[in-house]
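Chemist: My structure is below; once you've seen it, I'll send some questions.
The values are calculated or read from the model by the stated rules, or taken from the named source; none is laboratory data. What you see is a predicted model; the values in this text were computed from it and never measured. Note: ideal-geometry Cβ built from the backbone for every residue, glycine included; neighbour counts use all protein chains shown. Heavy atoms of the whole protein, side chains included, go into the accessibility calculation; ligands, DNA and RNA do not. Shrake-Rupley method; radii C 1.70, N 1.55, O 1.52, S 1.80 Å.
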Amino acid sequence: MRKAAPLAVPVLLAIADAMLVNGVELDLEVGVSMAAAAALLVRRRFPLLVFLFTLPGLYIGYIWFAPMIALYTLAARRPGRALLGGCALLLIAAHFFPYPISDFELTAYRENTLVLIDASVTSAAPIALGLLVRTRQELASRVEDLTRSLRREDRLLADRVKTTERARLAREMHDVVAHQVSLISLQAGAVQVSTDDAEARAGARTIRELSVRTLEELRHMVGVLRADGGEAAEAHGLAPQPDLEELPRLIEMSALDVTYERGVVAGAGGASGAKTVERAAFRTVQEALTNIRKHAPGARVRVRVDPVDTVRGPATEGVEAAYGTDAADGAGAADGAETADGSRTARGLRVEIRNGPPDATATVPALPGGGHGLVGLRERAQSLGGTLEARRTSDGGFVVRAEFPYGNSRTERG
């Protein structure tokens, strides 16, 4: 109803104007007047043609509403100076010259002047109103654009404030944590020098090494937070990143009963994204060992790292859904490249950390935790196109298994 009213009301006004001027008897004047009124229904789609179609109604039937409404629509839709000037002259001519033209008296100066002024006002008013409405619409559109721009600037300013605050908090975290860890390192060094017990000296040395490593990683992470982007900071080498070569040292310092099994990763060194995958594998093992110390003290742990030809992930979900798991494995194996000696190059890396039930006699350490470790590991695995599975085992233990593809070629093919 609201959409039909702007179209119907001008037509009804034009019909009423035609009937008041020419009556209701069907003749030429009424016919051209009604045709001009009906043409207003399509004035928005064809404004120029409708205006031209209403001029006979003005010239023959002496109606005003239909041509004025058509000229207003033309000014609001197509505000060209030359076009509006020509249409204004046509409306003035249709209004000024009588029908039939033989009734025109050139010597009636006073009457002709009044009619010309009336015709000029009749043509200027709808043009001025149409241009005013169009200008108002353009201003409203620009105000809306400015409002959106201001909102974007507010969001950017808020993001900049958050970034600045994050950098400030990173500096404060570095100052506080570095001070405390430095004290721990100094105390461990004092114990290492003063004690005669070999085990205590070895433990103090381990504490010092862990403190130094913690300070290095903390300094690296603070540098990443303060840099413009994590990848740019990492590319400039703020600190060496851990990989699979660091796993034995990590396991040795974990103070857990860990059996480490590592398969031969054939062809991984030249694969795209190998360092990123190895870093993700290292962080997965690190977080799993931390959880074991918190929740399963005294448990036996087995850590295994193996190359895999097929990595289940977003790249193989479509194949599995259509043909089953075996088909997806077959597709992955077919993709595997062979080296010169006939051995197949690994397409990815599998990491598995499995622990048994905790020792009932062991003391559970009161270590803080945020509860987001496994969630973060799963998000990291998914961002690399891999998967992560974490579940309890039937013997009361726990297993964490992650698979990471090398590079993004599998994901692109998927």
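Chemist: Using 0.36 nm per residue, how much length does the chain from Y109 to H295 gain when fully extended, once their Cα-Cα distance is taken away? Show your work: numbers first, answer last.
Modeler: Details: separation 186, 0.36 × 186 = 66.96 nm, distance 10.82 nm.
Gain on stretching Y109 to H295: 56.1 nm.
Chemist: For the range 22-86, take the convex hull of the Cα atoms, compute a quarter of its surface area, and give me that in nm², please.
Modeler: Numbers: hull surface 16.2 nm².
Computed as one quarter of the Cα hull surface, the answer is 4.0 nm².
Chemist: Follow-up question, since we're still on this one. Please label the shape of the range 24-138 as rounded, prolate or oblate, based on the square roots a ≥ b ≥ c of the eigenvalues of the alpha-carbon gyration tensor (a/c under 1.5 means rounded; beyond that, a/b larger than b/c means prolate, else oblate). Before the final figure, lay out the partial values.
Modeler: On the way: a/c = 2.54, a/b = 1.31, b/c = 1.94.
Oblate is the answer for the range 24-138, as a/c is 1.5 or above yet b/c matches or exceeds a/b.
Chemist: Of the listed peptides 147-159, 293-305, 20-32, what is their order by residue-averaged count of other C-beta atoms within 10 Å, with the highest listed first? Before the final figure, lay out each step's value.
Modeler: Working: 147-159: 10.0, 293-305: 18.5, 20-32: 14.2.
Descending mean neighbour count gives 293-305, 20-32, 147-159.
Chemist: So if R0 is 60 Å, what FRET efficiency would V9 and L374 give, r being the distance between their Cβ atoms, rounded to the nearest 0.05? Working shown, then result.
Modeler: Numbers: r = 66 Å, r/R0 = 1.10.
Computed FRET efficiency for V9 and L374: 0.35.
Chemist: Answer rounded, prolate or oblate for the range 102-217, using the Cα gyration tensor with square roots of eigenvalues a ≥ b ≥ c: rounded when a/c is under 1.5, else prolate when a/b is larger than b/c, else oblate. Show your work: numbers first, answer last.
Modeler: On the way: a/c = 16.82, a/b = 10.56, b/c = 1.59.
In terms of gyration-tensor shape, prolate.
Chemist: Just add up the charged neighbours of E245: K/R +1, D/E -1, any other residue whose Cβ is under 12 Å from the Cβ of E245.
Modeler: +1
Chemist: Just add up the charged neighbours of L7: K/R +1, D/E -1, any other residue whose Cβ is under 10 Å from the Cβ of L7. Working shown, then result.
Modeler: Working: positive: K3, R43, R44; negative: none.
Taking every other residue near L7 into account, the sum is +3.
Chemist: A further question on this structure: Highest mean first, how do 111-123, 71-83 rank when packing is the count of other Cβ atoms within 10 Å averaged over residues?
Modeler: 71-83, 111-123
Chemist: What's the FRET efficiency of L157 with R134 using the Cβ-Cβ distance as r and R₀ = 41 Å, to the nearest 0.05?
Modeler: The calculated FRET efficiency here is 0.75.
Chemist: Sorted by accessible area (1.4 Å probe), largest first, how do E278, E252, E199 line up?
Modeler: Per-residue accessible area, sorted high to low, gives E199, E252, E278.
Chemist: For S185, what charge total do you get from the other residues with a beta carbon under 13 Å from its beta carbon, if Lys and Arg give +1 and Asp and Glu give -1?
Modeler: Summing Lys and Arg as +1 and Asp and Glu as -1 gives +1.
Chemist: A255 to E25: extension gain in nm, 0.36 nm per residue of separation minus the Cα-Cα distance? Before the final figure, lay out each step's value.
Modeler: Working: separation 230, 0.36 × 230 = 82.80 nm, distance 10.87 nm.
The A255-E25 span can extend by a further 71.9 nm.
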